[in-house]
Amino acid sequence: MVKRILMIEDDREMVTLGKLILEREGYEVLAAYGGAEGLQLLHQENGQVDLLLLDIMMTGMDGWQVLSEVKADEELRHIPVIMLTARHYLEDEGETASYAEKFEHYVVKPFVVRDLLAKIAEVIDRS
């Protein structure tokens, strides 16, 4: 069965690149270009995704807000989340630590593709 990944990212080039990489690996990729759009798509899909790739720094609703809403929603909280960001962990150490139990991995962009794919496979295989 094909695993489904929802990528919530406001950088359209990053979404294009992510889709290319992930679809080549056999994943079905859904994309939303902001937090509110991502939550709406999650609800439309009835939470039927295997993984959420979530950018932190987005205009409007940021990734932390989306993460909080996903994990507070009974229908969505089962979805594992990998956070993507251009900021190093230590730049947001306090904020990141306060959300640490809600996500599986924190990946800094630019990332090594094989490392991201390994984390995705690990999370999907575990869930």
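The values are calculated or read from the model by the stated rules, or taken from the named source; none is laboratory data. These figures come from a predicted structure and were not determined experimentally. When we count neighbours, we look across all protein chains shown, and the Cβ atoms used for this are built from the backbone with ideal geometry, even at glycine.
In the stretch 72-103, the residue that is modelled with the lowest pLDDT out of those that are crowded, with 17+ Cβ neighbours inside 10 Å and either among the small types (Gly, Ala, Ser) or assigned to a loop (DSSP other than H, G, I, E, B) (or both) is PHE103. Going through (1) under 21 Å from LYS71 (Cβ atoms); (2) out of contact with any Leu (no Cβ under 8 Å at 6 or more places or on another chain); (3) not in a loop (DSSP other than H, G, I, E, B) one by one, LYS19 falls short only on (1).
Looking at ALA86, ALA72, which is the one that is under 16 Å from PRO110 (Cα atoms) and more than 13 Å from the chain's Cα centre (by Cα)? Give the steps one after another, and end with the answer.
Details: ALA72 fails: under 16 Å from PRO110 (Cα atoms).
Of ALA86, ALA72, the one residue that is under 16 Å from PRO110 (Cα atoms) and more than 13 Å from the chain's Cα centre (by Cα) is ALA86.
Restricting the first member to the stretch 105-127 and to residues that are touching a residue at least 40 places away in the same chain (Cβ under 8 Å), and the second to residues that are polar (S, T, N, Q), the beta-carbon pairs closer than 8 Å and six or more apart or on different chains are LYS109/THR85.
Given LEU22, LEU67, which one is within 17 Å of TYR106 (Cα to Cα), surrounded by 15 or more Cβ atoms within 10 Å (Cβ to Cβ) and under 14 Å from the mean Cα position of the chain (by Cα)? Even if it seems obvious, please write down each step before you answer.
Numbers: LEU22 fails: within 17 Å of TYR106 (Cα to Cα).
Only one candidate passes the filter, namely LEU67.
Looking at ARG12 and the list (1) at pLDDT below 95; (2) surrounded by 12 or more Cβ atoms within 10 Å (Cβ to Cβ); (3) under 19 Å from VAL107 (Cα atoms), which single condition is not satisfied? For ARG12, the failing item is (2).
Just to verify a result, which residue in the stretch 47-59, among those that are modelled with pLDDT of 95 or more and not in a strand (DSSP E or B), is surrounded by the most Cβ atoms within 10 Å (Cβ to Cβ)? Out of the qualifying residues, it is VAL49.
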